[in-house]
Amino acid sequence: MRQLKKCLTGAFFFILTVNYGYAQTIPFDSDRWEINAKQSTLEDYLGRKSLFLKEGIASIKDSKFTDGIIEFDIAFTGERGFMGAVWRMQDSRNFEEFYMRPHQSGNPDANQYTPVFNGLPGWQLYHGEGYGAAVAYAFNEWIHVKIVVSGKQAEVYIKDMEQPALFIPELKRETKPGRVGLRVVDFAPAHFSSFSFTKMNNPPLKGKAKEPEDVPEGTIMSWLISDTFEEKPLVGKFRLTKDDKEKLTWNRLTCERSGLANLSRLRGIARGKNSAFARVTIVSEKEQVKQLQFGFSDRVKVYFNDQLIYSGNNLFRSRDYRFLGTIGLFDELYLPLKKGENELWMAVSESFGGWGLKARFKDMEGIAVRE
């Protein structure tokens, strides 16, 4: 009887742990932390033991976190900076991230959820509702943050632990376990205190996703993406040659539900290789002109039937100091289609903030799009 009671108690504890979890508070002097940063020190700050972190990641080596709760306190000045938490971290270039922008306190972009693929965060691709929220911060004070992760969704609490500041309706990366931790991207550093995480299966969320909008007819939903190459040789290249095209290799990229093609899902960039072609074939029943709406990040050169017909720059602050370079269907082309097959090639180049493309034909009558 005592043995049965012991077994039942153990089973109950296992169920409780798996479904409800328990908080693991990890002191910053624990050897469970792995810290890779430009600068990191353990120091007393605002009456607490804290981690000072500048330009780097501090992660829990054995965390194996999929769903659950991440909590920490953070303190920063009002200087420009980007600091917060990471989860489901596969390596230093692939993870989910939420960070705060102290210099945007009170504005709609005071914070940001973004996936990071192959070292490229995507804040220019993922913006607006569901990616950031207006929150006013206190400076040089401890601010409590809680992130609840549940399957493909999450919510973030800042100061107020009763109502989430941000509901994230769709996490963009694959749902698989990885490390949890803290990250400071650039510019101003931050102090962190009282870090803990709790593993839980599908913790309840207060937010609820809206019904997804239908993808507008004519949206291009997949592209062939080339391997990466240097952007500079495209300067002055008004026509693609057979040699230009034969040396490329290709992979298919399916767009997200919104029609966004996030190229970093397939590729990373490196010095000397920050560009890739995205291509589709347009089959037309007759000779005609079709309007194409499109958006890109950061720069693009459009070749139609091998001829350069457009070049654009959507880089952060490329137009004025307030210009963010966020992606949208803001540009238009009028393609002179010949009867039969027409090739549309877009050379998309990335600096930072998101490497992406989206496009839509407003009128699909008499045409079909394929890779």
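Once backbone amide H atoms are built at 1.01 Å from N, Gly328 has Phe296 as its partners under 5 Å, excluding neighbours fewer than 5 places away on the same chain. Only one residue of Ala134, Val180, Val145 has its Cα farthest out toward the positive end of the dipole of the stretch 10-199, where Lys and Arg carry +1 and Asp and Glu -1 on Cβ, and that residue is Val180.
When the charge dipole of the stretch 275-371 is built from unit charges on Cβ atoms (+1 for Lys and Arg, -1 for Asp and Glu) and taken about the Cα centre, the candidate among Phe352, Ala276, Ser311 whose Cα reaches farthest toward its positive end is Phe352. Put the Cα centre of the stretch 292-338 next to the Cα centre of the stretch 203-231 and the gap is 19 Å. Placing unit charges on the Cβ atoms only, positive for Lys and Arg and negative for Asp and Glu, gives the stretch 10-199 a dipole magnitude near 400 debye about its Cα centre.
Taking the number of Cβ atoms within 10 Å of each Cβ as an exposure proxy, the fewest-first ranking of Val369, Val86, Val283 is Val283, Val369, Val86. Compared with the alpha-carbon gap, the fully stretched path from Thr175 to Gln291 is longer by 38.0 nm at 0.36 nm per residue.
Taking the stretch 36-156 on its own, what percent of its Cα-Cα pair distances exceed 24 Å? Could the numbers behind the result be given before it?
Working: 1867 of 7260 pairs.
Of all Cα-Cα pairs in the stretch 36-156, 26 percent lie more than 24 Å apart.
With loop membership from DSSP and a limit of 10 other Cβ atoms within 10 Å, the longest segment of the chain without trypsin sites (Lys or Arg not before Pro) is 1-207.
In the stretch 186-277, a dipole from Cβ-located charges (positive for Lys and Arg, negative for Asp and Glu) runs towards its positive end, and of Pro216, Ser194, Pro204 it is Ser194 whose Cα lies farthest in that direction. Projected over every direction and averaged, the convex hull enclosing the alpha-carbon atoms of the stretch 173-310 yields 14.1 nm². In this structure the amide hydrogen of Asn107, modeled in the peptide plane, comes within under 5 Å of the amide hydrogens of Val135, none closer than 5 places in sequence on its chain.
Quick note: the coordinates plus some simple rules give every number you see, no bench work behind them. Because the structure is predicted, anything quoted here is derived from the model rather than measured. In this analysis, Cβ positions are derived from the backbone assuming ideal geometry, glycine residues included, and neighbour counts consider all displayed protein chains.
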